Amino acid sequence: MKTAESGAVVMPLYSDEDVVRLRKLVREELATLGFGIVDQTKMITAASELARNTLKYGKGGECHLNKLNESAKIGVELLFTDDGPGIEDIALALTDGYTSGGGLGLGLSGAKKLSDEFHLETQPGQGTHVTIRKWKFA
């Protein structure tokens, strides 16, 4: 774990142990900001799904955790990056139940439903970036 120039905490994602460390960090950050247990569980679950996708499909990468503070609300942003093969059909990949790797097919679509904001950028052959955010009124 390191801190980027932007102030984000950067977690490497190259093993199952890294996923466990990320889950713990997300829980701690959300608890510190006063998020309730339901919102903590939603973001931990979304982070876990996206981290596992980063490992399985992106062959590893990073998660950048940023604390957000915008006038009347505070939040957490998680940016997952990898240099994997990218996603050829985004709409299909976001369909509940679709999987290209034998899983339940709830990773991307589940993370989208569990977060307040979801953004996906990908290019075949150039990796994937997924950003999720969870907000709380201050």
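The values are calculated or read from the model by the stated rules, or taken from the named source; none is laboratory data. Quick caveat, the model's predicted, so the values are computed rather than measured. Virtual Cβ from ideal backbone geometry, glycine too; neighbours counted across all protein chains shown.
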>> Please determine whether any residue of region 119-130 is at pLDDT 90 or above, over 21 Å from Tyr14 (Cα atoms) and not polar (S, T, N, Q).
In response: yes
The correct count of residues that are out of contact with any helix residue (DSSP H, G or I) (no Cβ under 8 Å at 6 or more places or on another chain) and assigned to a helix (DSSP H, G or I) in region 113-130 is 1
Within region 53-77, residues closer than 18 Å to Asp16 by Cα and either touching a helix residue (DSSP H, G or I) at 6+ places or on another chain (Cβ under 6 Å) or of a type in the set (Val, Ile, Thr) (or both) come out as Asn53, Thr54, Gly61, Cys63
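Can you name every residue in region 69-92 that is hydrophobic (A, V, I, L, M, F, W, C) and more than 14 Å from His119 (Cβ to Cβ)?
Ala72, Ile74, Val76, Ala91, Leu92
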| said: Take Val10 and tell me if it is touching a residue at least 40 places away in the same chain (Cβ under 8 Å) and assigned to a strand (DSSP E or B). | reply: yes
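Listed here are the residues, each with its yes/no results for (1) in contact (Cβ under 8 Å) with a residue 40 or more places away in the chain; (2) within 22 Å of Lys2 (Cβ to Cβ).
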{"position": "Phe35", "(1), (2)": "yes, no"}
{"position": "Thr81", "(1), (2)": "yes, yes"}
{"position": "Gly86", "(1), (2)": "yes, no"}
{"position": "Thr95", "(1), (2)": "no, no"}
{"position": "Gly107", "(1), (2)": "yes, no"}
Item checked: Some residue of region 21-29 being over 15 Å from the mean Cα position of the chain (by Cα) and assigned to a loop (DSSP other than H, G, I, E, B) -> no
Scanning region 10-28 for residues that are within 14 Å of Gly61 (Cα to Cα), of a type in the set (A, V, I, L, M, F, W, C) and surrounded by fewer than 18 Cβ atoms within 10 Å (Cβ to Cβ) gives Val10
Might you let me know whether region 85-94 holds any residue that is at pLDDT below 90, of a type in the set (Val, Ile, Thr) and closer than 17 Å to Gly58 by Cβ?
-> yes
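Looking at region 54-75 only, could you name the residues that are in a strand (DSSP E or B) and either more than 17 Å from Lys42 (Cβ to Cβ) or charged (D, E, K, R) (or both)?
Taking region 54-75 first, the residues in a strand (DSSP E or B) are 61-70, 73-75.
Correct list: Gly61, Glu62, His64, Asn66, Lys67, Asn69, Glu70, Lys73.
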Within region 46-84, restricting to residues that are at pLDDT below 95 and among the acidic types (Asp, Glu), the one that is farthest from Lys134 (Cα to Cα) is Asp83
